[in-house]
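All remarks here apply to the structure that follows.
The values are calculated or read from the model by the stated rules, or taken from the named source; none is laboratory data. The structure presented is a predicted model; accordingly, all values stated were derived computationally and were not measured. All Cβ positions, even for glycine, are placed from backbone atoms using ideal geometry, and neighbour counts span all protein chains on display.
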Amino acid sequence: MDKLIIRGGKQLKGEVSISGAKNAALPIMTASILASGKSNFARIPDLMDVRTMGKLLSNMGASYSYNKGIAEIDSSSMNKFEAPYESVKTMRASVLVLCPLVARFGRAKVSLPGGCAIGARPINLHLMGLEKMGAKIRLESGYVIAKASRLKGASIYFDTVTVTGTENLMMAAVLAKGTTILENAAREPEVIDLANCLISMGAKIKGAGESVIEIEGVDELRPLKNYEIIPDRIETGTFMSIAGITGGDLIMKDCRPEHLDAVMMKLTDAGVMFKETKRGLRVIGPEKLIAKDVKTIPYPGFPTDMQAQFMAMMTIAKGTSVIKETIFENRFMHVAELERMGADISTEGGTATIKGVEKLKGAPVMATDLRASASLIVAALCAEGETTIHRIYHLDRGYEKMDEKLKKVGADIERVKG
């Protein structure tokens, strides 16, 4: 397995180009199932998860190609309607093929995703919505088998906010007969991007980005040409954290600051400065960070996907900070690794208390999930000495060429092939 070796303590300066959003790319790729013909999507990041989704679509009979950020998907020859366990176990987003398959072809067989490293994320709300829309669903040998001659519009209320549930059922509703109302829907920018993509294909959607979304079903959708997905707000936030912890001066090119209001407010409180420039968003780290508390909540609140990176920053901040994780129950697994680097952190349930230390020290550490990987890079870049981060395949699932981007702004970082 590959590993990263980082020698910290450098002030990073320069420009960082932000890649397209993984969490927008994956559902938008599955939206290609809804229309017969060739669709092209631009700014698709070259990531392990994108490759997995491309392979899944190919295995179902679609034609898939990828070259320099452009994904081309032709779903006209699709003849298999199954997402096997081998695909879903490595990438939970594979469940996003469920509703497009039922909506267009009237059937689907998709493996149950089960839990993951950061906690259980069941799809019961997806299935509840599909049943309300008239699908017949049964569970058999770890698979969801869904059938419907044609889905029908329905009023669906989500007991808890679910991003993939909102996306999946939005894709089900665009070809359903009648009108579907999704209440307590997720409001993330990635949900809006999917809605904009579907509208460009001919769907009728109102309210994306609000808690109530209304979808009027149409008879068919058209393939999409050259749709460009939004920049990755979590990658942007991660590089903001890197500028903050290293006292750096970075310019984020091709980002959308309006997608990170909650993160930027907290970083500003912690001493980080932001300036809009012609080249992009300039992020300037302070001489000393100030400890601040954070509570993760659904968008537009502080994202759970930025919790680990913010915690890494707080390890060397002046004072004590409290981080409350309310989205996933097992999302503090990076704590033990940060402690190996000298951090002073105590946890109780979903709450972590971080007492800022003068400095972190390099150590061998192990990534446990995608955002934990990012937090260890954030910490290692300011640590004294050498840090070796093992199991970085997690990082490659969600960050495009991160080590190369860091080198360009002055990081002493090396990828060692395993």
Exercise for the section: Among what's in the stretch 299-336 and is touching a strand residue (DSSP E or B) at 6+ places or on another chain (Cβ under 9 Å) and of a type in the set (Phe, Trp, Tyr), pick the residue that is surrounded by the most Cβ atoms within 10 Å (Cβ to Cβ). Expected result: Phe310
Exercise for the section: Restricting attention to strands (runs of 3 or more DSSP E) lying wholly within the stretch 1-76, give those where 2 or more residues are in contact (Cβ under 8 Å) with a residue 24 or more places away in the chain. Expected result: 3-7, 13-17, 38-42, 70-74
Practice task
Among the candidates Met91, Met48, single out the residue that is within 22 Å of Leu130 (Cα to Cα) and either in contact with a Cys (Cβ under 9 Å, 6 or more places away or on another chain) or not hydroxyl-bearing (Ser, Thr, Tyr) (or both).
Solution key: Met91
Exercise for the section: Kindly establish whether Glu339 is surrounded by fewer than 24 Cβ atoms within 10 Å (Cβ to Cβ), at pLDDT below 95 and over 20 Å from Arg415 (Cβ atoms). Expected result: no
Problem - Cβ pairs under 7 Å, 6+ apart, first in the stretch 90-106 and touching a residue at least 24 places away in the same chain (Cβ under 8 Å), second charged (D, E, K, R) and surrounded by fewer than 24 Cβ atoms within 10 Å (Cβ to Cβ) - result: Met91/Asp49; Arg92/Arg121; Ala93/Asp49; Leu101/Arg107; Gly106/Lys147
Handout entry: Odd one out for Leu182, checked against (1) part of a strand (DSSP E or B); (2) surrounded by fewer than 18 Cβ atoms within 10 Å (Cβ to Cβ); (3) not β-branched (Val, Ile, Thr)
Key = (2)
Exercise for the section: Evaluate the following for Val283: is it in contact with a strand residue (DSSP E or B) (Cβ under 6 Å, 6 or more places away or on another chain) and surrounded by fewer than 17 Cβ atoms within 10 Å (Cβ to Cβ)? Expected result: no
Practice task
Looking for whichever is aliphatic (A, V, I, L, M), surrounded by fewer than 24 Cβ atoms within 10 Å (Cβ to Cβ) and over 21 Å from the mean Cα position of the chain (by Cα) here; the options are Val174, Val218. Which one fits?
Solution key: Val218
Completion exercise
Requiring at least 2 residues that are free of Cβ contacts under 8 Å to residues at least 60 places away in the same chain, under 24 Å from Gly9 (Cα atoms) and of a type in the set (Val, Ile, Thr), the strands (runs of 3 or more DSSP E) wholly within the stretch 221-336 are 281-284
Exercise for the section: Would you mind finding the one in Ser75, Ser87 that is buried (at least 16 other Cβ atoms within 10 Å of the Cβ) and modelled with pLDDT under 95? Expected result: Ser87
Exercise for the section: Considering only the stretch 371-394, state which residues are over 10 Å from Leu4 (Cα atoms) and either modelled with pLDDT under 95 or in a loop (DSSP other than H, G, I, E, B) (or both). Expected result: Arg371, Ala372, Ala383, Gly385, Tyr393, His394
Handout entry: Pick from the stretch 21-62, criterion more than 18 Å from Met201 (Cβ to Cβ) and among the polar types (S, T, N, Q), ranking: surrounded by the most Cβ atoms within 10 Å (Cβ to Cβ)
Key = Asn23
Fill in the blank from the handout: Residues in the stretch 407-418 that are surrounded by fewer than 21 Cβ atoms within 10 Å (Cβ to Cβ) and of a type outside the set (Lys, Arg) total 5
Exercise for the section: Could you please give the count of residues in the stretch 377-404 that are in contact with a strand residue (DSSP E or B) (Cβ under 7 Å, 6 or more places away or on another chain), surrounded by fewer than 22 Cβ atoms within 10 Å (Cβ to Cβ) and closer than 17 Å to Thr236 by Cβ? Expected result: 0
